[in-house]
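Report on one structure; see the data block that follows.
Values in this text are rule-based calculations from the coordinates and carry no lab data. Values in this document were obtained by computation on a predicted structure and should not be read as measured data. All Cβ positions, glycine included, derive from the backbone under ideal geometry; neighbour counts span all protein chains shown.
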Amino acid sequence: MSDTAIKNSEDQQMFGHPKGLFYLFFAELWERFSFYGMRALLTLYMIDHIFEAIVERDTATAVVYASYGSLVYASTVIGGQISDKIMGMRSSIFLGGILMALGHFVLAVENDIAFFLALAFIVVGNGFFKPNISTFVGALYKEGDVRKDSGFTIFYMGINIGGFVAPLLCGWLALKYGYHYGFGLAGIGMMAGLIFFWSGIKKNVFGDKGMPPSKEIYEKKILGIPQKTLIPIISVLFVPVIAYLLSSWKANYVSGIFKFIGFAVLAYLVYIMVKLDSDARKKLIMAVLITFFMTLFWGFHELSGSVITLFASRNVALDGIMTAAQTNALNSMFIIFLAIPISLLWGYLAKKGLNPRTPYKFGLGLLLAGVCFYILSISGASADENGMVPFAYLLIMYFILSIGELFMSPVGLSKITDLSPKNIVAFMMGVWFLSSAFAFQIVGFIGEQLAVESTDKNVGGLETLTIYTDGFHLIAMYALGAGAIVLLFSPLMKKLLGNVH
Ligand code: GLN
């Protein structure tokens, strides 16, 4: 690309941010529309259709949901790595988007095998899409650009506009016309995301960003096939393998694989740390620590698509306000309202020199997650004679959960691009998303503990109330404990890592 083209792209600003941000915003908005539209239906669809006839349907659903969630985020490590080394962010985003769209459309086919194949397409697709679009946002800003945090906040709004609208629409379609229409709409959303990204490239708003790191490597032939073609082929070949892993819920292979992945990633990080100078090492340690705290938080938060959706369908008096699938929109709804005020709060506190260090924000976030589950656990006391609790509990819970999320997730997203050594930033973004991957194993574990054994379509009410409220109480205690530990250790982190936070 010529110098003038690069310069033009850097000059293009909108609302005080690089213009490229707004294309990434819409691309991610639609991708998340598809992701969360589908997620809102996933648990209920498995309960109602895929596993409807078996007594352990809650357990099977919990395991498949966890395996899917774990793999869909773990694949981002590989996608980030391939992008760093070979593909570059642009091609990775395209490849990922196309695979995800395929997945959503296959979900629209009514068939059990198609179901697992579709999930596998989304797993592989998300691996290429998600880490790279997030890294792309960071790449739009020069190092030290103070607008970067607010850039990520805007981006996070896009994510949540998608996450808010999709469960409402897909949930409505699913109820009125059938699940497959809901899934089909998710696919259309993904296509829209790709079109936005494409138009950004056409309008040259990204300058030279996101190209493959080296043209030779990108086009280098292996077995006579250039890498740029080989990677999509291999990706598609992985789909049936992943589909098989997902469908084997009894053996739960994914959980075993995760223990291994955990070790492998840690070993690789230690290996990198050893090679870094002391300053970069401290940064990487902080990146790993916040990723770990984030894992715990998502472990509680991601229960929303599984146990909390089931709780909503079985024990919350929704009274026609919304369906259980649609309650998945509440978290994103609150994020949309709260994202800007909270990011302004950080700016305001920073001006006064009072902006809390990242570990404090993370400790507080975990405490808030504990408060959320405590609220759900006491909802049982207000249940009616049918064991249904007032909707307000769910609403307040999501309000507080969203504050906790904003104390952590966008802050971490921005931090991770700051703290990671330049040549592995997309890989680190993958590690960041690994926090969600491991979190889903926590979700699966909890889901299995709170499984209700029944094939009754209408199970719920008094039969299930205490299973959930007792479970929520225990979760609350763990989350509060984790938050307290992080807060107590924050001064020590300051001592050890100095200025890095
Ligand atoms: N809600 C955010 C997103 O969809 C974070 C999700 C996660 O990492 N678990 O990007």
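Quick check on segment 360-496: what does the Kirkwood estimate of hydrodynamic radius come out to from the alpha carbon pairs, in Å?
For segment 360-496, inverting the mean 1/r across all distinct Cα pairs yields 17.1 Å.
Can you compute the helix-only [θ] at 222 nm over the chain? Use -39500 (n - 2.57) per DSSP H run of at least 4 residues, normalise by all residues, nearest 500 deg cm²/dmol.
Taken over the chain, the calculation gives -26500 deg cm²/dmol.
Do you know the relative contact order of the chain, to the nearest whole percent, from alpha carbon pairs under 8 angstrom that are 6+ apart?
27 percent
Within segment 74-113, find all residues whose amide N lies under 18 Å from a label point positioned 7 Å from the Cα of Ala53 along Cα-to-beta-carbon.
110-113
Per the Cauchy relation, a quarter of the hull surface: what is the mean projected area of the convex hull of the alpha carbons in segment 421-486, in nm²? Walk me through the numbers on the way to the answer.
Values: hull surface 27.1 nm².
Across all orientations, segment 421-486 yields a mean hull projection of 6.8 nm².
Could you line up Val55, Val425, Val254 from fewest to most neighbouring Cβ atoms inside 10 Å?
Ascending Cβ contact count within 10 Å gives the list Val55, Val425, Val254.
Mind listing the phi-derived Karplus ³J(HN,Hα) values for segment 338-350, rounded to whole Hz, using 6.51, -1.76 and 1.60 with θ = phi - 60°, and x for any glycine or proline?
3J(HN,Hα) across segment 338-350, in whole Hz: 9, 4, 6, x, 5, 5, 5, 4, 4, x, 5, 5, 4.
Greater than 23 Å separation of Cα atoms is the criterion. Which listed pairs, Lys176/Lys457; Lys351/Lys494; Lys361/Lys495; Lys85/Lys275; Lys275/Lys361; Lys148/Lys352, meet it?
From the list (Lys176/Lys457; Lys351/Lys494; Lys361/Lys495; Lys85/Lys275; Lys275/Lys361; Lys148/Lys352), the Cα-Cα distance tops 23 Å for Lys275/Lys361.
For the chain, give the magnitude of the charge dipole about the Cα centre (Cβ charges: +1 Lys/Arg, -1 Asp/Glu; no others), in debye to the nearest 20.
1940 debye
On a 0 to 90 degree scale, rounded to 10, what angle separates helix 19-45 from the longest Cα axis of the chain?
Helix 19-45 and the main axis of the chain meet at about 30 degrees.
Which angle from 0 to 90°, rounded to the nearest 10, does the C-alpha axis of helix 425-449 make with the longest principal axis of the chain?
The answer is roughly 10 degrees.
Taking the chain as the reference, fit the longest principal axis to its C-alpha atoms, fit the long axis of helix 391-419 to the helix C-alpha atoms, and give the angle between the two in degrees, 0 to 90, nearest 10.
Taking the Cα atoms of the chain, the angle to 391-419 is about 20 degrees.
Determine the principal axes of the Cα atoms in segment 36-109, then give the extent along each, sorted from largest to smallest and rounded to whole angstroms.
So the three principal-axis extents are 47, 22, 16 Å.
What are the ³J(HN,Hα) values, in whole Hz, obtained from phi via the Karplus relation 6.51 cos²θ - 1.76 cosθ + 1.60 with θ = phi - 60°, for each residue of segment 356-369 in sequence order, with x given for Gly and Pro?
Ordered by residue, 3J(HN,Hα) equals x, 5, 3, x, 5, 4, 5, x, 5, x, 5, 4, 5, 4 Hz.
May I ask you to give the average projected area over all directions of the convex hull of the Cα atoms of segment 101-209, in nm² rounded to one decimal?
Orientation-averaged projected area of the Cα hull: 7.7 nm².
If you project the alpha carbons of segment 136-276 onto their three principal axes, what span does each projection cover, largest first, in Å?
56, 45, 36
What does the charge count around Glu463 come to, taking other residues whose C-beta lies under 12 Å from its C-beta (Lys +1, Arg +1, Asp -1, Glu -1)?
Around Glu463, the surrounding residues sum to -1.
Rounded to the nearest 0.05, what FRET efficiency do Lys142 and Tyr181 give with R0 = 41 Å and r taken as the Cβ-Cβ distance? Could you check?
Using R0 = 41 Å, I get an efficiency of 0.35.
How big is D, in µm² s⁻¹, for the chain by Stokes-Einstein at 37 °C and 0.692 mPa s if Rh is the Kirkwood radius over C-alpha pairs?
143 µm²/s
Using amide H atoms built in the peptide plane, which far-off residues or other-chain residues are under 5 Å from Ala317 H to H?
Close amide H contacts, sequence-distant or interchain: Val389, Phe391.
Could you compute the FRET efficiency for Ala484 and Asp456, with r as their C-beta to C-beta distance and R0 at 35 Å, rounded to 0.05?
0.30
Using a simple spin-label model with points 7 Å from Cα along the Cα→Cβ vector, what separation in nm is obtained for Asn111 and Lys495?
With each label point 7 Å from Cα toward Cβ, the separation is 6.3 nm.
How big is segment 414-453 along each principal axis, measuring the range of its Cα positions in Å and listing the largest first?
Dimensions of segment 414-453 along the principal axes of its Cα atoms: 50, 14, 8 Å.
Please rank Trp198, Trp432, fewest neighbouring Cβ atoms within 10 Å first, as an exposure proxy. Please report the intermediate quantities before stating the final value.
Working: Trp198 16, Trp432 29.
Taking fewest neighbouring Cβ atoms as first place, the list is Trp198, Trp432.
What is the distance in Å between the Cα centres of segment 345-367 and segment 195-245?
Cα centres, segment 345-367 to segment 195-245: 38 Å.
How many nm is it between the label spots at Leu349 and Lys215, if each spot is 7 Å from the Cα in line with the beta carbon?
4.8 nm
What does the net charge come to around Lys130 if you take all other residues with beta carbon closer than 15 Å to its beta carbon, with K and R at +1 and D and E at -1? Display every interim value, and only then the final one.
Numbers: positive: Arg32, Arg39, Arg90; negative: Glu28, Glu31, Asp84, Glu302.
Summing Lys and Arg as +1 and Asp and Glu as -1 gives -1.
Sticking with the crude label model, points 7 Å out along Cα→Cβ, report the distance from Ile195 to Asp418 in nm, one decimal please.
Modelled inter-label distance: 3.8 nm.
What is the extension gain from Met477 to Asp279, computed as 0.36 nm multiplied by their sequence separation minus the C-alpha to C-alpha distance, in nm to one decimal? Intermediate values should be presented prior to the final figure.
Working: separation 198, 0.36 × 198 = 71.28 nm, distance 3.63 nm.
Stretched fully, the Met477-Asp279 segment lengthens by 67.6 nm.
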